[in-house]
Amino acid sequence: MAKFKQEQIIAGVTKTRSNAVKVYCGAAIAANDIIVATGMQGDFLSCVPADNTDLTKCRGPFFVADFAGASGEYLPLALPYKVVTSVDTSDAAQVGDAVYLSTGGDVTLGAIPGTTANAAGFSLNVRVGRITKVDSS
C-alpha cells in the first residue's frame, strides 16, 4: 500500500471521499440518496435507501450515497456527509432550514412534514441536513 505524507493530503470541499465506507447495497441506491445501515452482509454494512415510513429504515447511522449502486453490489459509496448540488431548493424559506428524511432515500425541504397515516409523526421529523443555498437550480 502506498504511503502519503500528511501535507500531500488535501481536504475535501464538498464531500469526504477519503472517508467513504464500502458497503453492501441491499437495494438499488441512487446518487445523493440518504442511505441507512440495516444489518450486515458478511463483513460489510448492508445499506438501503432511508425511508421515513419504515422504523427500521429511519434510524441511523445515515450516510449519503456518492454515486449509484445496484442491488447486490459491494461499493465504497457511503459518505458521512456531502454537499448536494443541482437540486431545486426554492421550497425552503431560508438558508439554514432543516432538510427532513422522506421516502426512498429522498428528502423534504422547507416546513416540518405532517404526520403519517398511522400518526407516527416522529418518523417524518428526522433531520438529515441543512439548506446552504435557496435557489431553483
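The values are calculated or read from the model by the stated rules, or taken from the named source; none is laboratory data. All of these numbers come straight from a predicted model, not from anything done at the bench. All Cβ positions, glycine included, derive from the backbone under ideal geometry; neighbour counts span all protein chains shown. What goes into the accessible areas is simple: the full protein's heavy atoms, side chains included, and nothing from ligands, DNA or RNA. Shrake-Rupley method; radii C 1.70, N 1.55, O 1.52, S 1.80 Å.
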> Rounded to the nearest 10 Å², what accessible area does Ser71 show when all protein chains are kept and the probe is 1.4 Å?
Replying inline: 80 Å²
>> With every protein chain kept in place and ligands, DNA and RNA left out, what is the accessible area per residue of the chain? Probe 1.4 Å, answer in Å².
In response: 60 Å²
> With a sphere of radius 11 Å drawn around the Cβ of Val83, what net charge do the other residues whose Cβ falls strictly inside it have (Lys, Arg +1; Asp, Glu -1)?
Replying inline: +4
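Quick one: compute the contact order of the chain, relative version, from alpha carbon pairs under 8 angstrom and 6+ residues apart, as a percent.
It rounds to 25 percent for the chain.
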> So how exposed is Ser136, as accessible area in Å² (1.4 Å probe, rounded to 10)?
Replying inline: 90 Å²
>> Output wanted: per-residue J couplings in Hz (rounded whole) for the stretch 15-23, from phi through Karplus 6.51 cos²θ - 1.76 cosθ + 1.60, θ = phi - 60°, x for Gly and Pro.
In response: 7, 10, 4, 5, 9, 4, 9, 7, 10
> Can you list the residues, at least 5 places off or on another chain, whose amide H is less than 5 Å from the amide H of Val99, using H built in the peptide plane?
Replying inline: Val128, Gly129, Arg130, Ile131
> Hey, with R₀ at 25 Å, roughly what FRET efficiency would Thr85 and Asp43 work out to, going by the Cβ-Cβ distance, to 0.05?
Replying inline: 0.15
>> Can you give me the % of accessible surface on the stretch 41-93 that is carbon or sulfur? Probe 1.4 Å, all protein chains present, nothing else counted.
In response: 53 percent
